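The values are calculated or read from the model by the stated rules, or taken from the named source; none is laboratory data. Computed from a prediction, not measured in an experiment: that's the story for all the values here. Positions of Cβ are backbone-derived with ideal geometry, glycine not excepted, and every protein chain shown enters the neighbour counts. Keep in mind that these areas ignore ligands, DNA and RNA; they rest on the heavy atoms of the full protein, side chains included. Shrake-Rupley method; radii C 1.70, N 1.55, O 1.52, S 1.80 Å.
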Amino acid sequence: MKCEKCNKEATVFFTEIKQDEKKEIHLCAKCAESYQNYIADPHITHSISDFLGGLLQIFASKEQTELKETSKDVCSDCGMSIHEFHASGRLGCERDYRVFRSDIKDLLLKIHGKSRHRGKVPHSLQKWKDLVDLRKRLNSVINQEKYEEAAEIRDKIKQLESAHEA
Amino acid sequence: MKLSNLMKNTTQWLRNEGENADIVLANRIRLARNIPHFPFVSKMSEEKSVQLESFVKEKLDRVLPMDQYNYFILNDLSETDLHFLSERHLISKEHVRGEGRRSVTFSLDEKFSIMINEEDHLRLQVIFTQDEAQSSWKKLEDLIDQLEAIVDFSFDRRFGYLTACPTNAGTGLRVSTMLHLPALQMTNQMGKIYQAADAVNLVIRGFFGEGTAGMGDFFQVSNQITLGKNEKELIQTVESVVPQILKYERSVRNKMLKSDRGRIEEHCHKALTTIKEESEISFRESLRLLSAIRLGVNLELIPDVGIKKINEGLIQSHDSHLKKSTKGHLGDDETWEMIRARFLQNLFTN
Ligand SMILES: [Zn+2]
Ligand SMILES: [Zn+2]
């Protein structure tokens with residue numbers, strides 16, 4: 001196996017998973033090491049809270065002006081302000097996710113690379129989630145011009161929707 | 001149930017003797033959940049924390065077979081007992097240090113543990129060995145489903161399950177594998193592992209000790225992101241990367257054995273001699289020694305010692321385990337380092 005960067009013999013193997021695609025990466029020791037400076041400071045990658053603290057700092061300095069304008073926002077339930085949140089990295093109550101919605105959406109995007117939940121949902125929302133998933137699949141099969149499959153999915157959506165109203 | 005009864009048993013999940021026991025200590029999946037209409041823990045009054053604790057406990061009672069569970073209110077426990085639970089990974093250090101009413105409910109085999117009022121209202125975890133991976137997630141999912149049938153959790157259609165720290169939002173799921181990587185550490189190659197892990201959104205931390213640096217050759221690999229993928233995908237990410245690390249650690253071990261057998265043999269045997277001769281051993285030192293012996297056993301350089309025994313030593317040589325074993329009493333001129341040295345000597349002479 002050859003190193004992907006320099007073509008020498010690769011000794012380090014990793015599986016990278018991006019957009020649900022698995023990819024093997026092969027690197028020689030030297031190329032893998034060239035990142036050493038970046039990871040030399042263990043605080044950068046070891047600790048999630050440090051990681052978040054760092055992000056928040058970048059976040060805060062970048063958007064200082066914007067921050068001042070929105071700094072009036074305080075959660076009426078728990079008293080959390082955007083400044084307090086930026087300092088502590090912790091929210092005060094579930095309502096804060098609505099009060100600081102756009103800040104939090106940006107932050108989630110920075111932390112997770114995505115801001116839309118794809119996992120389990122409460123029982124009461126299972127049908128809603130199934131519909132969201134089906135509509136998403138419908139779009140993709142239509143793009144692929146798989147019309148037979150699209151018709152099947154449409155039927156399923158109709159079924160679910162009528163069951164939803166019942 | 002008295003906490004001291006736990007002393008008699010090795011933590012179940014450290015009994016891993018399966019296929020990858022030479023490197024994998026254990027695996028853990030944790031879920032974070034919060035209850036609507038209660039502030040998150042950091043903004044919660046003492047009074048609210050008492051209300052929340054009994055509200056959640058009542059739900060747990062309806063779902064769990066309580067005769068197979070232990071229940072402790074942390075506020076009633078001594079400092080030593082709190083650390084004792086934390087050393088067994090039944091509660092977190094954050095839970096030990098927290099404020100307000102806090103409790104833990106854990107299964108008698110110590111595999112399931114539910115913390116109330118940790119950073120989030122609820123933290124449910126399952127610790128398991130390699131061959132229980134599938135069934136363990138299933139059991140944890142069953143438990144959370146049963147709970148969710150009788151209690152609402154804070155949830156947002158876009159952001160998923162809402163947590164006190166946005167780093168846990170979405171699935172609230174953190175999956176970790178605890179690994180013993182002495183060869184990679186010895187040959188200064190952990191840097192590469194950190195870098196590669198970061199590239200696939202995984203994070204590596206020391207398994208023992210406080211803070212970021214960790215201690216010794218024990219690490220845990222966990223998912224960094226909790227949002228944007230579903231639970232199975234997150235578990236799969238860790239599951240697919242761990243074998244690569246195992247392969248790497250084993251290949252370095254074999255290389256060292258081929259090129260430097262004498263030095264490795266000396267390294268491992270010296271640790272055993274140190275334990276037999278040293279009269280005071282610090283915790284940090286005990287991790288170093290146990291790591292070297294563990295490596296020696298796995299490379300078949302040290303005969304007649306079981307991995308289970310070493311894993312047991314890793315937990316029991318912590319401060320609060322030693323304190324509980326002597327009921328907190330130190331003799332004249334005695335130090336905990338002496339107690340630890342004696343404990344380790346006994347461990348390896350029996
Ligand atoms: Zn290269
Ligand atoms: Zn609030």
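Selection of helices (runs of 4 or more DSSP H) fully inside the stretch B:241-350 by the criterion of at least 1 residues being acidic (D, E) and out of contact with any helix residue (DSSP H, G or I) (no Cβ under 7 Å at 6 or more places or on another chain) returns B:283-298, B:336-349. Can A:R116 be described as open to solvent by 10 Å² or more (accessible area, probe 1.4 Å), more than 11 Å from ligand 2 (Cβ to nearest atom) and not small (G, A, S)? Considered against the rule, which asks whether it is open to solvent by 10 Å² or more (accessible area, probe 1.4 Å), more than 11 Å from ligand 2 (Cβ to nearest atom) and not small (G, A, S), A:R116 comes out as yes. Identify the residue in the stretch B:83-106 that is open to solvent by less than 10 Å² (accessible area, probe 1.4 Å) and touching a residue at least 40 places away in the same chain (Cβ under 8 Å) and, among all such residues, is farthest from B:L64 (Cα to Cα). Among those that are open to solvent by less than 10 Å² (accessible area, probe 1.4 Å) and touching a residue at least 40 places away in the same chain (Cβ under 8 Å), it is B:F84.
Residues B:Q195, B:Q185: which one is without any contact (Cβ under 8 Å) to a residue 24 or more places away in the chain and among the polar types (S, T, N, Q)?
Values: B:Q185 fails: without any contact (Cβ under 8 Å) to a residue 24 or more places away in the chain.
When all the criteria are applied, what remains is B:Q195.
Here B:L246 meets each of (1) without any contact (Cβ under 8 Å) to a residue 60 or more places away in the chain; (2) within 14 Å of chain A (Cβ to nearest Cβ); (3) open to solvent by less than 30 Å² (accessible area, probe 1.4 Å) with one exception, condition (1).
Being open to solvent by less than 10 Å² (accessible area, probe 1.4 Å) and either assigned to a helix (DSSP H, G or I) or farther than 25 Å from B:E118 by Cα (or both) is the filter; apply it to the stretch A:77-110 and report the residue that is farthest from the other protein chains (Cβ to nearest Cβ). Once the filter is applied, the top-ranked residue is A:I82.
For the stretch B:70-85, indicate whether the set of residues that are charged (D, E, K, R) and under 21 Å from B:K139 (Cα atoms) is non-empty. Break it down into steps so the answer makes sense when it comes.
Initial filter on the stretch B:70-85 (charged (D, E, K, R)): B:76, B:79, B:81.
Okay, now just the ones that are also under 21 Å from B:K139 (Cα atoms), so none.
For the stretch B:70-85, residues charged (D, E, K, R) and under 21 Å from B:K139 (Cα atoms): absent.
Among residues of the stretch B:259-275 that are touching a residue at least 40 places away in the same chain (Cβ under 8 Å), those with a beta-carbon under 7 Å from a residue that is among the hydrophobic types (A, V, I, L, M, F, W, C) at least six positions away or on a different chain give the pairs B:L272/B:I293; B:L272/B:I302; B:L272/B:F348; B:I275/B:L289; B:I275/B:L344; B:I275/B:F348.
Would you say B:I144 is among the aliphatic types (A, V, I, L, M) and touching a helix residue (DSSP H, G or I) at 6+ places or on another chain (Cβ under 8 Å)? In short, no.
Give me the pairs, please: first residue somewhere in the stretch B:154-180 and without any contact (Cβ under 8 Å) to a residue 12 or more places away in the chain, second residue anywhere and among the acidic types (D, E) and not in a loop (DSSP other than H, G, I, E, B), beta-carbon distance under 7 Å, and either six or more positions apart or on two chains. Listed by first residue and then by second, the contacts come to nothing, as the list is empty. Applying a threshold of 9 Å to beta carbon distances and a minimum spacing of six or more residues, or different chains, the list of pairs starting in the stretch B:325-336 at a residue that is touching a residue at least 40 places away in the same chain (Cβ under 8 Å) and ending at one that is charged (D, E, K, R) reads B:T335/B:E280.
Within the stretch B:194-209, being open to solvent by less than 10 Å² (accessible area, probe 1.4 Å) and more than 9 Å from chain A (Cβ to nearest Cβ) holds for B:L202, B:F208.
Within the stretch A:116-130, residues that are more than 9 Å from chain B (Cβ to nearest Cβ) reach partners that are modelled with pLDDT under 90 and open to solvent by 80 Å² or more (accessible area, probe 1.4 Å) with beta carbons closer than 9 Å, at six or more positions or on different chains, in the pairs A:K127/A:H164.
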